[in-house]
Structure formats: structure tokens, C-alpha cells
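A.B. asks: Before I ask anything, here is the structure I am working with.
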Amino acid sequence: MSGALRELPDVKTLFEAADALGSESASSSSSTEAHPGALIAEVEGCGCYLALVDGRPCVKGNRKTMPAHLLERLKANRDAVIQYLREREPAAPPAYNQITQERSGIRLDKSTGKLYTFGSPSSDWLRAQGWEWDRNRRRFMAPYPFDREDPHPSCMIGGGPKLPKGFPDVVHEPEPQEERAV
């Protein structure tokens, strides 16, 4: 940052506050006792996450974003972190046949009149609903003016087109039929 910007009163107080916080965090990081939930929240704040692999905590993600003092505090509180992660884990993973696939479809936002997709609807079904693939945005777009990036109908002369009365709040994609041998 240039020296001229540093001399502005708002920026100067911001730097003084940041320096004060830095000195407080340095003094608090010297203490080895920390709550494991707070440590895990700090790790997640850096864009990483902790997972148990064979009973050992492993940092997943870009470890370079984590400050060295945080890794030291994690090592110092290793047993508490392991216990905390074990308590957060589900008791037993669900069986493969019990997993239900999330339904996909289109939902209507009543306040704006815009259409949004949810889940992962198939491209053929979306095209059948009138949606088109936009190469620049790399996503399907609802027909004009119902896409989330189109102007609000109140901005259009006469209020713009409206969806038909009784348009459902949610339209689910039909579940695929299993092919049966005849």
C-alpha cells in the first residue's frame, strides 16, 4: 500500500487495530490449551478441513494457507481434536442401497418470479422445459425473463410477462424408469 494511503485517518486506525489484534493472537497462540471446536473452525476458515484417516487427523485442502502457529496448536491438542472429530462423525455410514438420490428440478422464487434449478437435472429434461445452454455463463438459462439474471418484471414496461397462474413452486424432474427386458 502506498504511503499516501497509509496517512489517511481511517486506514491508519485500521492498521493500528490490525496490529493490536495480531499481537493479541500471537500472545493467545502461545497458550497450548485450546478448544478443539475453535481450532477446527480456524482450520475451516483457512479453506481446509480436518478428517480422520485410520484414526489420525489429516488436514485436507491447501495446507499452505494455514499459519504455522495453527499447526502447532493442532499438534499440541491432537488428542482433544481426535476425540472431537470422533464425536462429530456419524455412528455408522449408511448402506449403499439406503442412499436416496436427491431429487432434481426447477423451483420458483415467489418474491422475484425467477426460476432456479436445484439438484442436478438432466440437460435433455431442461431443454424440454424450454431452458437453453449459455456457453458464456456455462449454465442453463431459463426462458426470458424468468432467468435469475434477467431484469425484475417491475423494471419492465407494463410489469413484463408473468408465469401462468397456478405455476407450481417446484417442478421435479421425473425419476428415470428402469429398462426392463421383455
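The values are calculated or read from the model by the stated rules, or taken from the named source; none is laboratory data. Bear in mind the structure is a predicted one, so any value in this text is a computation, not a measurement. Note: ideal-geometry Cβ built from the backbone for every residue, glycine included; neighbour counts use all protein chains shown. Side chains are part of the model used for accessible areas, which takes the heavy atoms of the whole protein and leaves out ligands, DNA and RNA. Shrake-Rupley method; radii C 1.70, N 1.55, O 1.52, S 1.80 Å.
A.B. asks: How about Lys165: which lysines have a C-alpha closer than 29 Å to its C-alpha, ignoring those fewer than 8 places off in the same chain?
C.D. replies: Answer for Lys165, where 29 Å is the Cα cut-off: Lys110, Lys114, listed by chain and number.
A.B. asks: Lysines within cross-link reach of Lys64: Cα-Cα under 19 Å, excluding same-chain residues under 8 positions apart?
C.D. replies: List returned: Lys75.
A.B. asks: Where only protein heavy atoms count, and the probe is 1.4 Å, what is the accessible area per residue for region 105-172 in Å²?
C.D. replies: On a per-residue basis, 68 Å².
A.B. asks: Here's a follow-up. Lys and Arg at +1, Asp and Glu at -1: add these up for the other residues within a Cβ distance under 15 Å of Lys110 and post the number.
C.D. replies: Result for the neighbourhood of Lys110: +3.
A.B. asks: Using a probe radius of 1.4 Å on heavy atoms only, what accessible surface per residue do you get for region 36-88? Whole Å² is fine.
C.D. replies: Per-residue value: 62 Å².
A.B. asks: Above 15 Å lies some portion of the pair distances; for region 36-88, what is it as a whole percent of all C-alpha pairs?
C.D. replies: Summing the P(r) of region 36-88 above 15 Å gives 37 percent of all pairs.
A.B. asks: Let me ask something else. How much solvent-accessible surface does Thr117 expose, in Å² to the nearest 10, with a 1.4 Å probe and all protein chains in place?
C.D. replies: The accessible area comes out at roughly 60 Å².
A.B. asks: A follow-up question, please. Compute the signed sum of charges (Lys and Arg +1, Asp and Glu -1) over the other residues within less than 10 Å, Cβ to Cβ, of Cys46.
C.D. replies: Counting the neighbours of Cys46, the net charge comes to 0.
A.B. asks: Accessible area of region 36-88 with a 1.4 Å probe: how many percent of it is carbon plus sulfur?
C.D. replies: Result for region 36-88: 47 percent of the exposed heavy-atom area is carbon or sulfur.
A.B. asks: Solvent-accessible area of Asp79, probe 1.4 Å, all protein chains present, reported in Å² to the nearest ten, please.
C.D. replies: Asp79 has an accessible surface of roughly 120 Å² with all protein chains in place.
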